[in-house]
1. Say whether the condition of being within 18 Å of Leu50 (Cβ to Cβ) and surrounded by fewer than 19 Cβ atoms within 10 Å (Cβ to Cβ) is met by at least one residue in the stretch 316-337.
2. I'm told Gly114 meets every condition in (1) modelled with pLDDT under 95; (2) surrounded by 22 or more Cβ atoms within 10 Å (Cβ to Cβ); (3) among the small types (Gly, Ala, Ser) except one. Can you identify the failing condition by its number?
3. Give me the pairs: first residue in the stretch 272-284 and under 15 Å from Ala364 (Cα atoms), second residue charged (D, E, K, R) and open to solvent by less than 40 Å² (accessible area, probe 1.4 Å), beta-carbon distance under 8 Å, and six or more apart or on different chains, which are they?
4. Residue pairs, Cβ under 9 Å, 6 or more apart or interchain, first in the stretch 30-48 and free of Cβ contacts under 8 Å to residues at least 24 places away in the same chain and more than 21 Å from Val261 (Cα to Cα), second open to solvent by 50 Å² or more (accessible area, probe 1.4 Å) and of a type outside the set (Asp, Glu). List them.
5. For the stretch 48-67, how many residues are within 18 Å of the chain's Cα centre (by Cα) and charged (D, E, K, R)?
6. Regarding Arg368, is this residue within 19 Å of Thr65 (Cα to Cα), open to solvent by 40 Å² or more (accessible area, probe 1.4 Å), part of a helix (DSSP H, G or I) and basic (Lys, Arg)?
7. Of all residues in the stretch 173-205, how many are over 30 Å from Gly244 (Cβ atoms), in contact with a helix residue (DSSP H, G or I) (Cβ under 9 Å, 6 or more places away or on another chain) and either open to solvent by 10 Å² or more (accessible area, probe 1.4 Å) or touching a residue at least 60 places away in the same chain (Cβ under 8 Å) (or both)?
8. May I ask you to list the residues in the stretch 275-319 that are outside any loop (DSSP other than H, G, I, E, B), out of contact with any Leu (no Cβ under 9 Å at 6 or more places or on another chain), modelled with pLDDT of 95 or more and of a type in the set (A, V, I, L, M)?
Amino acid sequence: MSDTGDAGRHADGGERGPEGAGGADPVRGADPVRGTVRGTAPVPLSVLDLVTVGSGSTAHASLRTSVEISRLAESRGYHRHWVAEHHSMPGVASSSPAVILAHLAAHTSRIRLGSGGVMLPNHAPLAVAEQFGTLEALAPGRVDLGLGRAPGTDPRTAAALRGTGRLDEAADGFPRQLAELTRFLDDDFPDGHPYARVHAVPGPVQGPAGRPPVWLLGSSGFSARLAGELGLPFAYAHHFSAAGTLPALDLYRQSFRPSAVLDAPYALIGVSALAADTEEEARAQVLTGALSMLRLRSGRPGLVPTPEEAAAYPYTPLEREFVDGWLANIAHGTPDEVRSGLDALVKRTGADELMLTANAHGGAARVRSYGLVADAYGMPTEGSTPA
């Protein structure tokens, strides 16, 4: 980690002072980017929460499950709990990550909370700075701001979100939006800039304060290269784009330039993983997520089907090929099988952190999975304080 007194680069090439992500976490006394390994896990383990809604359930129940997962993750030594932004998907209730994170902050005290991610082209940078400045004020030293450039939905919904009727600014405008957001977070627009007297509140204009570390998220090389060039931590969506994992991580590491935030690359990958008491139960649970994804990719999004519905679905040969390919990238089975799969993935990718997403029909299966994975690695038990 670079000395926090060193200046780092803004996304637009400007300088950034010591109030960025390079300092120690005031709550846990820990590095705000790099996680801590618990038990025998090969790297720090974290949670990616899609707040999935199963057939016969409700968003209310899914959000209660998110609280349960966050509490369990905190007590078992998971490093962070991120919530992903999605829109117009009946089976996903995470359209407003900042709102959900505020709720999780009220029910936890140590675990890092963040967006995995906020889809920046959907929002005004000032609005994001205000939301995450508020979260930082609610949970000082515990907030991560993960940013993506995809819409997190279909083109029509994205156009409706942005109120522009067009998406031409989505990709090319991302570096500009990132630079603007960073300036708002640090409250350091240069004199003469149109926003020089515009302040994100809560924020530095009120006095010395920490601010969330910025992560770049991606499923291609664009954000990998940008994160490397800016010296930012990078999170890759292995859970739905496994074929591109190694090229993206290689590009990130090759492009990396030390900054005030990091003196060396730090790469996290999102991983689909579900542990159950038996291999058969795990297979039945992950099949529900595979059918849900099949329907989404076919333009028929809906609630996550039950295990019975997924088992009885009349898959065509082409659909079966898709489902088998999808399941091949999920670490699922007994706790020992999942542990072996995760260990092998770390060896293959050199990832610095794994963020596990347990997609299944019911909340109980998801909660159970995170507990079983923690057991498999000998992570802290319920009620104990992580070392």
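The values are calculated or read from the model by the stated rules, or taken from the named source; none is laboratory data. Here the structure is a predicted model, which is why all the values come from computation and not from measurement. Note that each Cβ is placed from the backbone with ideal geometry, even for glycine, and that neighbours are counted across all protein chains shown. For accessibility, only protein heavy atoms count, side chains too; no ligands or nucleic acids. Shrake-Rupley method; radii C 1.70, N 1.55, O 1.52, S 1.80 Å.
1. Among the residues of the stretch 316-337, at least one is within 18 Å of Leu50 (Cβ to Cβ) and surrounded by fewer than 19 Cβ atoms within 10 Å (Cβ to Cβ), which makes the answer yes.
2. It fails just one condition, (1).
3. Leu274/Arg366
4. Listed by first residue and then by second, the contacts come to nothing, as the list is empty.
5. Count: 1.
6. Details: within 19 Å of Thr65 (Cα to Cα): yes; open to solvent by 40 Å² or more (accessible area, probe 1.4 Å): yes; part of a helix (DSSP H, G or I): yes; basic (Lys, Arg): yes.
Considered against the rule, which asks whether it is within 19 Å of Thr65 (Cα to Cα), open to solvent by 40 Å² or more (accessible area, probe 1.4 Å), part of a helix (DSSP H, G or I) and basic (Lys, Arg), Arg368 comes out as yes.
7. First, pick out the residues of the stretch 173-205 that are over 30 Å from Gly244 (Cβ atoms): 183-184, 186-205.
Adding the requirement that they be in contact with a helix residue (DSSP H, G or I) (Cβ under 9 Å, 6 or more places away or on another chain) leaves 183-184, 186-190, 193, 195, 198-204.
If we keep only those that are either open to solvent by 10 Å² or more (accessible area, probe 1.4 Å) or touching a residue at least 60 places away in the same chain (Cβ under 8 Å) (or both) as well, we get 183, 186-190, 193, 195, 198-204.
So the count comes out to 15.
8. Of everything in the stretch 275-319, those that are outside any loop (DSSP other than H, G, I, E, B), out of contact with any Leu (no Cβ under 9 Å at 6 or more places or on another chain), modelled with pLDDT of 95 or more and of a type in the set (A, V, I, L, M) turn out to be Ala284, Leu291, Leu294, Ala312, Leu318.
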